[in-house]
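**Q** Take this structure, written in structure tokens, and hold onto it; I'll ask about it next.
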Amino acid sequence: MTSATTILVLLVVVALAFDFTNGFHDTANAMATSIATGALRPKTAVLLSGVLNLVGAFLSVEVALTVTNAVVEIQNSDGSPVAGLSRDGGTALLVIVLAGLAGAIVWNLSTWLLSLPSSSTHALFGGLLGATVAGLGWGGVNWAGNGQEIDGLLPKVVVPALASPVIAILVAGLATWLVYRITSGVAARSTEDGFRWGQIGSASLVSLAHGTNDAQKTMGVITLGLIATGHWTDTETIPFWVKAACALAIALGTYLGGWRIIRTLGKGLVEIAPPQGLAAESSSAAVILVSSHLGLPLSTTHVTTGSVLGTGLGRPGATVRWRVAGRMVVAWVITIPAAALVGAALWWLAHALGGGLVGAVVVVAVLAAAAAAMYRRSRTAPVHADNVNDDWRDGPPADAPSRTTVPA
Amino acid sequence: MSHVWELEAAALGQIALAAVVLGAGLPALFALGIRASAWGRGGGAEVAADGGEHPPHPLGRALGTAVFAVVVLVALLGVGFVVASGYGKALSFEHVYPTVVDR
């Protein structure tokens with residue numbers, strides 16, 4: 001095995017690990033509300049979401065080969081690596097992608113440890129951005145495409161990220177208000193079943209859409225590595241094993257369930273009642289599907305978090321914890337730069353060690369050590385299926401709770 | 001450069017509009033279905049205007065079923081859309097009823 005092939009194997013493993021974190025980070029997006037309202041038992045919810053993600057990932061045959069092109073210029077428009085990165089059997093490109101993925105995983109695990117939802121797509125783009133800037137300089141960044149279509153970091157990633165929560169808050173707020181208006185005066189026992197099935201249906205739609213959107217990105221990254229090392233030449237399709245491995249990784253991650261994040265989104269941000277769960281997930285499904293249909297797919301995380309916030313605002317008298325919302329917004333804003341810093345630091349580390357096999361191995365070792373440390377840290381206050389719905393307490397007593405009640 | 005932002009504003013505007021119609025319209029419709037079937041069930045399912053209980057009403061039942069059917073149909077269209085886009089196709093409403101077309 002040449003050293004480039006060995007780095008490729010490391011890249012595949014790290015990419016699948018990223019896909020796995022992508023899965024458990026985003027279980028909350030689809031299932032937090034249904035778990036919080038009791039529409040589904042926690043274990044049932046993550047199983048349903050995992051299966052739908054698996055199905056969704058297999059359903060997406062659209063080639064996501066050019067996924068990195070949205071933010072950096074390490075690929076040509078047909079998916080092949082740019083000239084200059086293919087020397088040493090593609091090692092230069094592999095090390096950039098490897099460092100970028102590792103940066104994305106570190107950020108995903110940090111936000112998970114802090115119980116904060118954050119966009120895995122942003123983490124991936126951030127990591128790649130940092131590693132590319134470190135490796136190729138600022139010229140390697142695709143800031144705004146060619147000016148003729150929506151492409152590049154600002155139009156395709158940053159501006160939609162700012163707009164999507166606003167749209168989601170608006171839609172979910174309106175939906176919540178309407179649902180409460182229409183069903184006011186109807187006895188609770190007559191609405192229970194309806195809202196339960198409404199929540200399950202809308203949450204399932206979000207899970208399915210997530211599988212088709214997110215697993216594709218890792219598939220594209222792995223295939224890029226295969227092309228760079230000459231193991232794959234077809235720029236129209238991806239190998240079946242790549243698709244199957246990514247589908248399994250994201251589904252397993254989803255099934256594991258990011259309970260910390262589920263708890264924040266289902267219990268922490270807003271105290272959710274069944275009608276709000278229905279309104280939030282319907283709004284999320286609508287925004288996600290409509291935006292990918294119109295060619296500007298919005299981040300599932302930003303949309304669902306916005307929807308949950310909107311559903312708190314749309315119901316008179318609902319509790320919205322602005323302190324939690326504030327922490328989330330901070331996490332969103334710093335996701336790309338933070339993942340970029342880690343990605344860049346890891347690229348420099350690999351570069352200092354010769355930029356080849358030794359560097360790649362050390363990057364993976366550092367990643368594994370960081371992951372193990374964060375996992376151990378999480379065990380000091382574990383969140384799992386049995387305590388995910390416990391009453392929310394705002395930090396230690398000194399940490400004054402900032403609850404706001406929306407005036408009726 | 002400015003051309004991109006025009007495209008962007010147009011896309012985001014379209015998304016917002018369509019999302020409001022679907023994302024708020026469907027749950028509202030669903031709530032109507034719940035209201036109608038509660039009316040159809042009668043008894044204490046819905047608080048009557050005079051505060052008393054009202055009798056079951058067959059029209060409410062029919063209305064509730066019809067509304068739920070529409071909601072399920074639209075949700076299935078959503079699934080159809082996910083599947084179609086996965087295969088590089090799109091749903092077209094050119095003929096009013098949806099058809100799968102190449103993108």
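**Q** Pick from B:Leu77, B:Leu73: which is within 23 Å of A:Thr176 (Cα to Cα) and either at pLDDT below 75 or more than 10 Å from every other protein chain (Cβ to nearest Cβ) (or both)?
**A** Among B:Leu77, B:Leu73, only B:Leu73 is within 23 Å of A:Thr176 (Cα to Cα) and either at pLDDT below 75 or more than 10 Å from every other protein chain (Cβ to nearest Cβ) (or both).
**Q** Checking A:Ala325 against (1) free of Cβ contacts under 8 Å to residues at least 60 places away in the same chain; (2) over 17 Å from the mean Cα position of the chain (by Cα); (3) open to solvent by 20 Å² or more (accessible area, probe 1.4 Å), which test does it fail?
**A** (3)
**Q** Scanning region A:173-215 for residues that are more than 7 Å from chain B (Cβ to nearest Cβ) and aliphatic (A, V, I, L, M), which turns out surrounded by the fewest Cβ atoms within 10 Å (Cβ to Cβ)?
**A** The extreme case among them is A:Ala188.
**Q** Now, a different point. Is one or more of the residues making up region A:132-148 among the aromatic types (Phe, Trp, Tyr) and free of Cβ contacts under 8 Å to residues at least 12 places away in the same chain?
**A** Yes, the conditions are met somewhere in region A:132-148.
**Q** Identify, from the list A:Leu52, A:Leu59, A:Leu40, A:Leu65, the residue that is under 17 Å from A:Thr218 (Cβ atoms) and open to solvent by 10 Å² or more (accessible area, probe 1.4 Å).
**A** After ruling out the rest, the residue left standing is A:Leu59.
**Q** Does region A:209-247 hold any residues that are outside any loop (DSSP other than H, G, I, E, B) and hydroxyl-bearing (Ser, Thr, Tyr), and which are they?
**A** Answer for region A:209-247, where residues must be outside any loop (DSSP other than H, G, I, E, B) and hydroxyl-bearing (Ser, Thr, Tyr): A:Thr212, A:Thr218, A:Thr223.
**Q** Right, another one. Say we look at region B:18-32 and pick out the residues that are surrounded by fewer than 24 Cβ atoms within 10 Å (Cβ to Cβ) and within 7 Å of chain A (Cβ to nearest Cβ); which of these is farthest from A:Arg189 (Cα to Cα)?
**A** B:Ala18
**Q** Condition first: in a helix (DSSP H, G or I), closer than 21 Å to B:Ala69 by Cα and over 24 Å from the mean Cα position of the chain (by Cα). Now tell me which residues in region A:181-208 satisfy that.
**A** Within region A:181-208, A:Ile182, A:Thr183, A:Ser190, A:Thr191, A:Glu192, A:Asp193, A:Gly194, A:Phe195, A:Arg196, A:Trp197, A:Gly198 qualify.
**Q** Residues being surrounded by fewer than 24 Cβ atoms within 10 Å (Cβ to Cβ) and either within 18 Å of B:Gln14 (Cβ to Cβ) or not aromatic (Phe, Trp, Tyr) (or both): count how many of those fall in region A:267-322.
**A** 17
**Q** Output the number of residues of region A:239-249 satisfying the condition of being crowded, with 17+ Cβ neighbours inside 10 Å and either more than 17 Å from A:Gly56 (Cα to Cα) or not small (Gly, Ala, Ser) (or both).
**A** 4
**Q** Next question, about the same structure. In region A:216-238, what residues are crowded, with 24+ Cβ neighbours inside 10 Å and among the hydroxyl-bearing types (Ser, Thr, Tyr)?
**A** Matches in region A:216-238: A:Thr218, A:Thr223.
**Q** Among the residues of region A:155-172, write down those that are more than 7 Å from chain B (Cβ to nearest Cβ) and of a type in the set (Val, Ile, Thr).
**A** A:Val157, A:Val158, A:Val166, A:Ile169
The values are calculated or read from the model by the stated rules, or taken from the named source; none is laboratory data. Note that this is a predicted model, so its numbers are computed, not measured. Don't worry about glycine lacking a Cβ; one is built from the backbone with ideal geometry, like all the others, and counts go over all protein chains shown. Side chains are part of the model used for accessible areas, which takes the heavy atoms of the whole protein and leaves out ligands, DNA and RNA. Shrake-Rupley method; radii C 1.70, N 1.55, O 1.52, S 1.80 Å.
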